[in-house]
1. For residue 561 and residue 512 in the same chain, what is the full-extension length gain: residue separation times 0.36 nm, less their Cα-Cα distance, in nm?
2. Show me, bin by bin at 10 Å from 0, the whole-percent P(r) of region 114-164 based on Cα pairs.
3. Hand me the trypsin sites (Lys or Arg not before Pro) from region 856-886 located in a DSSP loop with no more than 16 other Cβ atoms within 10 Å, in residue order please.
4. Quick one: which residues, 5+ away or cross-chain, put their amide H under 5 Å from the amide H of residue 762? H built at 1.01 Å from N.
5. Rounded to two decimals, what is Rg over Rh for region 768-921 when you use alpha-carbon atoms and the Kirkwood radius?
6. Near the amide H of residue 767, under 5 Å away, which other amide H atoms are found, from residues 5 or more places off or on another chain, if H is placed in the peptide plane?
7. Over its Cα atoms, what ratio of radius of gyration to 2.2 N^0.38 Å does region 168-228 give?
8. Residue 212: net charge of surrounding residues, Cβ under 15 Å, Lys/Arg +1, Asp/Glu -1, itself excluded?
Amino acid sequence: MFRDPLPDTARTADLFSDFPEESREGQGVWPPPDRFPLNVDGRTVRERVIADLVSADSPLVVTGYGALEELVRLESDLGEVRPLRILLGNEPSVGEGGHRSLKAPSFPEEVEQYWLDRGIALRLSARLIHFRERLREGAVEARYWPDTQRPLHAKIYLGAGAVTLGSSNFSRNGLERQHEANARFTATGEPRRYREAAALAEQFWSFGEDYTDALLALLERLLHVVGWRDALARACGELLEGDWAKGFLQQVDREAFRALWPAQRQGIAQALYLLDRQGAVLIADATGSGKTRMGAHLLRAQQARIQGVGGMPRSVMIAPSTVVEEWEREASRADTALDVFSVGLLSHGSRKAWQLDDALRRARLLAVDECHNFHNRRSRRTRRLFTNHLADDVLLFTATPINRNVDDLVRIADLLGADNLQPSTLKALERVNRPGRWHGLGEDEAAQLRDEIRTFTIRRTKRMFNALIDRAPGAYRDHTGRPCRYPEHRSYSYSLNEPAADRERAGRIRELLDQLFGVVQVPAVLELSAVQRQQGLTEDQYRDNLLLGPHKLVRYRVMAALRSSRAALSVQLEERLPGVEIWQATGSDERSRQAVLRAFRPGGDEQTGVALCSDSLSEGVNLQAASALVHLDMPSVIRVAEQRTGRVDRLDSPHAEVEVWWPGDAEEFALSADARFLDRVGAVTELLGTNLPLPEDLQQQSRESVDADTLIREYERTARSIEEAEPHDAFAAVRGLVEGSSALVEPDIYEYYRECSVRVLSRVSVVASDAVWAFFCLAGSADRAPRWFFFSGPDAEATTSLDKVAAVLRERLAPDPPNGEIDDSAARWLAHFSERLPEAERAQLPLRKQRALQEMTRVLNGFCEEAARQREQVRLDAYLALRNLLERKPETLTGGEPDWEALANRWLELIRPYWYRRLTQQRRGVLRLRDLRKELIEAESELGPEVLEAFASLPLQSSAEERVVAAILGMPDR
């Protein structure tokens, strides 16, 4: 049976309670309902009390303020003639539980806080509007009990010739659900008792203070009918700005929260949304935007959320060795329990390698920094990462733009986790990953994979960050108090003046290189992908292109070896710049690397110096004290140039401008087009191992040198296109509704809702339409992120993808349909769609959580068969009860909707030991939830009792209807 909760306590359901309610009610005789209104034997307190009130000339209701919804219903039933008097007392459960405020809120403040936290049923919108008008006209009189030292807890209902008093609050629980004790006195049957009880009610009424204005203000905030632009702005703000997460983040660590920039708080809220919705997130913000600090606080916030639903989550971060210390430092500042491991441990054995494997298998949260480095699915480190973890949530970080080719898409999808991806995507990936042959993705498959990865992604460019800074410049300061902003970027080239003799030797070496050959390992079967066939590539061309690769690789490696060394440059600099400190740093020399990081750290002592660095320091480290970057060699791919420049082009750079210098190599030394192409298709050292075919035009490609000016133009063109293009992340379509040239909402309207400090729970709009449709935005809270739902028709499945919902809203609202009114017909449709929200909300769980519930149902079916075979009726009934709940059988939902995510989390935690055991066994491929099904069913005797104990008491989630903060209803013009 389901137990009704106190207003401020977590709701739970006792799934396996065997309390024989009906049989107990049948023991003995209940008193007559006309004298004792009770909720027994099919009778309710509501039937008797409502009948008395609606027939009275001036009914009086004395009740607690939690009865507001039922009072709205009552006033609508009274008609236009009879006035209604309401005296509100306190709710004793509010404020109990060991908490005490030094400054007690006033009665209106307490009522307002209660209802704004709880929300009001959207189906009452038409009645609430009518109630508000009647209150404004004086047809409803509202008072409250003013004595806070001796609160009023009476429940009295004075109607036509009858008065009822007792324990029943004027709420659904008191009038229908709970066992209550009430007595009713009539003017004809017990006149003296009637007169005394009526006089008591009137006496309480006389002491009440007027509550009209405060109640009107509360009703306006509970439900405000607006135009569709206001409702849409409210919904977009709930999702994009992350205000719902502010209180939660402050609760985690108030001091650390204040140190975060608004953009970081926004990013955390959006990441929490994606983790809540997708089970994984890819954070691809611009270089230098503070991802490490934001990531540490994000991990802390997600840990707290997991702890809130049970469990102590272990968190593991895999990061390049250059940033391990930085992650450890930021995790400590954020009070995040985080095990940070160097990515190098995945590549080779060491004393700590076994610790990493064990940590991966036990982690609930897995984070990977610079995830674009996992470029080869066949490498040892990538295989170990993919096959050794069973994390519930995956967080990926990269500043390098993704989706440049199909291989990028595949490796990101692998990292996101098989159980988080759509079935069609998994089939495509299984084809690609099949050993022994290269199966490319077709254009449609690649587009589908690209679209799905976008739903996991947060991508904010430097232009967007500077726009956020313009909103609140004073909120963006570094630890010294200096204002933060991305600096202006200036590019220049410099001449090397190579001696003629060196140029002649380099030219001769190029000629000799054309006479060299290379070796390539050809797979057993060569097969063209669909996209390659569509491009006109034949099997012969495929073979010839593949054989051309080794020759190009040989030339690239030899020419790269002709570059000047850092050691020679260091000698030259010491001679030409006496007194200026010179550092050298490589990945293998930890002491020199740390010296460079200290010298160029943020906020370091201002000094003059030069650091000569290998590309091991081109990503993940902070060198923003430097004002200029000099490329000692020409970057062979734009990605490398972006990574290098990102060390100085950072949000907290102390410089208004940063300079980037490119080498003007002589023609004989300059990077040639074929070498640049080899780097474009991936890491050259692993090019052949991936069996990627080279395009036909590489054979005819010119060996013309590429000068510095050409590279500068290409780099700046690429950077500009990235900044100017709309970022294709999970929130791009939503941003487009309120930002940019094609926005549907004017900037001033959105800015109002973004900055509005007065909380209004629901913004509801009705628009004219050819057919009925509905859009809802559910509020975010500490235990769940906001939700968007679109119903295209009365019986249509809910659309929940942000891209698709934003697209259909644009299609229906772009013509600027006229606004309508909320009448009884609109209210009925709102009620219809609201009733469908709970099922739609379950369907919006992360795919991994949905699959967990599906597998749990299948395992329970196996448990039922086993219990039936053993004739264990008690166990069978318990398994059936839990299975029926998972299948949302109506009889199991009478007490409320379970918190499905909490159920999924409990199941995943129960089966974790079995999963861990399978991970330690030798196997091939990625482990899926379905792979454990047979083993779990066979473990019924051991696992079954644990399941029944774990799910005996279930958390219930608050009503979806009461969490609606914005709704737009399309209605045919009547």
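Every number here is computed from the coordinates shown, using simple stated rules; none is lab data. Everything numeric in this text was worked out from a predicted model, so none of it was measured. Cβ atoms come from the backbone with ideal geometry, glycine included; neighbour counts cover every protein chain shown.
1. Values: separation 49, 0.36 × 49 = 17.64 nm, distance 1.49 nm.
Fully extending the segment from residue 561 to residue 512 adds 16.1 nm.
2. Using 10 Å bins, I get a P(r) of 18, 29, 45, 8 for region 114-164.
3. Values: sites: 858, 869, 871, 875, 883; in loops: 871.
Here the trypsin sites (Lys or Arg not before Pro) that fit, given the DSSP loop and packing criteria, are 871.
4. 223, 224
5. Values: Rg = 20.3 Å, Rh = 18.6 Å.
With Rg and the Kirkwood Rh in hand, the quotient comes to 1.09.
6. Excluding prolines and chain starts, which carry no amide H, the hits are 820, 969, 970, 971.
7. Values: Rg = 18.0 Å, N = 61, 2.2 N^0.38 = 10.5 Å.
Region 168-228 yields a ratio of 1.71.
8. Working: positive: 85, 132, 134, 136, 143; negative: 75, 112, 133, 137, 141, 209, 210, 213, 220.
So the surrounding residues net to -4.
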